[in-house]
Amino acid sequence: MELQRKQNKQEDEQMCDLPEPIIHKILFLLNTKDAARTSVLSKTWQRAWTSFPRISFEELDFNAGGIEQPNYYPKTNKAIKMKKESFLAYIDKTLQSFLEHNSNIEEFTFKLTYHDKEFVLPRVVKWLTFATERKVKVLSLCLSIIDFIDEHKLLGKQVYYSLPQVVLEAKTISELQLSHCKLEPCNEFKFCHLKTLNLNDVHLDEQVILNLTLSCPLIEDFRLNNCQGFEHLMVSSLPRLNLFHIVANTKVLKIEIDAPSLQTFHYWSRYSYGLDNEHCDIYLEACKNLKRLYFHNIMAVDLLENISSKFPTLEVLEISEWKMTDIEISCQTLRVLTLENCRDLEVVEVDTPNLVSLHCRMNKLPFYSFDAPSLQEVELKFYLRSCSKLWFDELKKLVGKFNNSEGLNLVIHSKCNGILLDGLNERVLSWLIDLTELRPTIAISSMGLSNLVERFLLDSHVETLLILSSSSKLLEVLNEKLINRLFKSRCLHDSLSGVKVVNLDREEDPEFSKWIALSKSHETMDYKITSFKLEWM
């Protein structure tokens, strides 16, 4: 016992005498509250904490995420207020400790929801002044002020406050993330070292965007998420801009980007365009080095016309919720193409000689012509409802155009049951038409069956899984993988509590009986079947 105590004491002393850089690495793994607690371990840890270059105050870490509301019981509001006041007092105390040691700060994160702008804003200005005076480089400010104008309404109104001048003048900032504030044309931006700008739910107009781009020529990463106040977006004077990302929940009529170094453009619209030919005009022709284009929910007639000449280096094109009925994709350099949930799309013409990867998740097969001789990776996903024989004939034609189509695997999933089938041929595709009454989801993938099993179980928590393969050795490998839960994903390993092999002939519900009958019909095709019962946490 005495030996154990001596050993524990020796380990504690070693822990207390760790070099400061090692302690900082440990502190980076902790939230601010837990990191501060380490200061009591020893003087070494206390010095390391007061010289730690990153501070993060997030209300959820302190269980202070609630907000007082008029419709709450007084006792509930009192408890919320006490937690908020304790959180604010903790921020004051922590920053005072740093102030006494005159330490610089590289990263400062602050997240708070409050209801009284006049009370909280002066304190926030004081905290931001502290951070900027200590030459902060990375600043993340998420101050959400909720105003309950009508006490009978359950939800308050977001108040967009003016960004404090002390932030606008912070010349050392290289990465800035702002939420729920407003930027005004009168603001003078002095972010001369800014490289990354991320604006979330910020109110700003076209003039502000122009002022930002003119004042911050070093920006490489520019993101606008659910911002408002503009219908026309024009970005230029950013010679180093590499990525531009916009998520719009209001109407945007025109986007024009002139950035010679831009490689990634991502436009995600949450706005529902009307039926009066209203659409967003997107002009990216000046961006000759574009490699990746991502579009969601847009109505852009001319966007992909002459795409090869417009974007001579384009490699990745991802389109979802496309609002047009037809699309022609003719691009010599394209390597990855994704089409997802394009319900209006009727005709797709693909001429991509260097395409390597195709991902298509739709209810239709809109491919009118398909020329991609270099294709290696395939993922097709459909939701079978009442597909006709003609639809399945078109699927056969499309699959027949893929190189190494015999290496494709099939996933069938309906409610609590799933089938994974090793190998795909015309006979298997013909068999699919018998499944329409079960209204399943089917996926055709080039992913190996062992990885496909894991991917499928991550997406679908089925209770019964049938695996069909012509290889006894492969079934043995998969059996061991499932029974012993030998998964790469730790999440899957933890959520799947048990797996056992079961007999196909046991009594089950009528739907499962249909799955069994359909599966057993493959025994004439030299397929072997293993059935697993899965239990989830």
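The values are calculated or read from the model by the stated rules, or taken from the named source; none is laboratory data. A quick note: this is a predicted structure, and the numbers were derived from the prediction, not measured. Don't worry about glycine lacking a Cβ; one is built from the backbone with ideal geometry, like all the others, and counts go over all protein chains shown. Just so you know, the surface numbers come from the protein's heavy atoms only, side chains and all, with ligands and any DNA or RNA stripped out. Shrake-Rupley method; radii C 1.70, N 1.55, O 1.52, S 1.80 Å.
Have a look at 412, 442 and point out the one that is at pLDDT below 90 and out of contact with any Pro (no Cβ under 7 Å at 6 or more places or on another chain).
Checking each option against the conditions leaves just 442.
Read through the list (1) touching a helix residue (DSSP H, G or I) at 6+ places or on another chain (Cβ under 7 Å); (2) at pLDDT below 85; (3) part of a helix (DSSP H, G or I); (4) surrounded by 14 or more Cβ atoms within 10 Å (Cβ to Cβ), then give the number of the only condition that residue 434 fails.
(4)
Go through (1) more than 27 Å from the chain's Cα centre (by Cα); (2) touching a residue at least 24 places away in the same chain (Cβ under 8 Å); (3) open to solvent by 20 Å² or more (accessible area, probe 1.4 Å); (4) under 24 Å from residue 220 (Cβ atoms) for residue 170 and report which single condition fails.
Answer for residue 170: the failing condition is (3).
Between 162, 179, which is of a type in the set (Gly, Ala, Ser) and touching a Lys or Arg at 6+ places or on another chain (Cβ under 7 Å)?
Within the list 162, 179, the selection yields 162.
How many residues, within the stretch 352-371, are modelled with pLDDT of 90 or more and part of a loop (DSSP other than H, G, I, E, B)?
Residues flagged as modelled with pLDDT of 90 or more and part of a loop (DSSP other than H, G, I, E, B) within the stretch 352-371 amount to 5.
Out of all the residues in the stretch 399-421, is one or more surrounded by 15 or more Cβ atoms within 10 Å (Cβ to Cβ), farther than 25 Å from residue 535 by Cβ and among the charged types (D, E, K, R)?
yes
State whether the residues of the stretch 299-313 include one that is in a strand (DSSP E or B) and either over 23 Å from the mean Cα position of the chain (by Cα) or touching a residue at least 40 places away in the same chain (Cβ under 8 Å) (or both).
No, the stretch 299-313 has no match at all.
How many residues are at pLDDT below 85, within 17 Å of residue 338 (Cα to Cα) and open to solvent by 50 Å² or more (accessible area, probe 1.4 Å) if we restrict to the stretch 291-311?
Number satisfying all stated conditions: 0.
Residue under question is residue 111, and the condition is that it be open to solvent by 30 Å² or more (accessible area, probe 1.4 Å), of a type in the set (Lys, Arg), within 30 Å of residue 241 (Cβ to Cβ) and in a strand (DSSP E or B); does it hold?
The answer is yes for residue 111.
Quick check on this structure: which one of 349, 379, 328, 318 is out of contact with any Ser or Thr (no Cβ under 7 Å at 6 or more places or on another chain), of a type in the set (D, E, K, R) and in a strand (DSSP E or B)?
On inspection, the qualifying residue turns out to be 328.
Considering only residues that are assigned to a helix (DSSP H, G or I), open to solvent by less than 70 Å² (accessible area, probe 1.4 Å) and not aliphatic (A, V, I, L, M), which ones fall in the stretch 472-487?
472, 479, 481
Can you tell me which residue in the stretch 270-288 is modelled with the lowest pLDDT, limited to those that are within 25 Å of the chain's Cα centre (by Cα) and open to solvent by 70 Å² or more (accessible area, probe 1.4 Å)?
272
Need the failing condition index for residue 213 against (1) modelled with pLDDT of 95 or more; (2) crowded, with 17+ Cβ neighbours inside 10 Å; (3) over 25 Å from residue 121 (Cα atoms), just the number.
(1)
Mind listing whichever residues of the stretch 71-89 are over 32 Å from the mean Cα position of the chain (by Cα), under 17 Å from residue 112 (Cα atoms) and surrounded by 12 or more Cβ atoms within 10 Å (Cβ to Cβ)?
Listed by number, the residues that qualify are 77, 79, 81, 86.
Is it fair to say residue 457 is touching a His at 6+ places or on another chain (Cβ under 9 Å) and either open to solvent by 10 Å² or more (accessible area, probe 1.4 Å) or under 16 Å from residue 531 (Cα atoms) (or both)?
no
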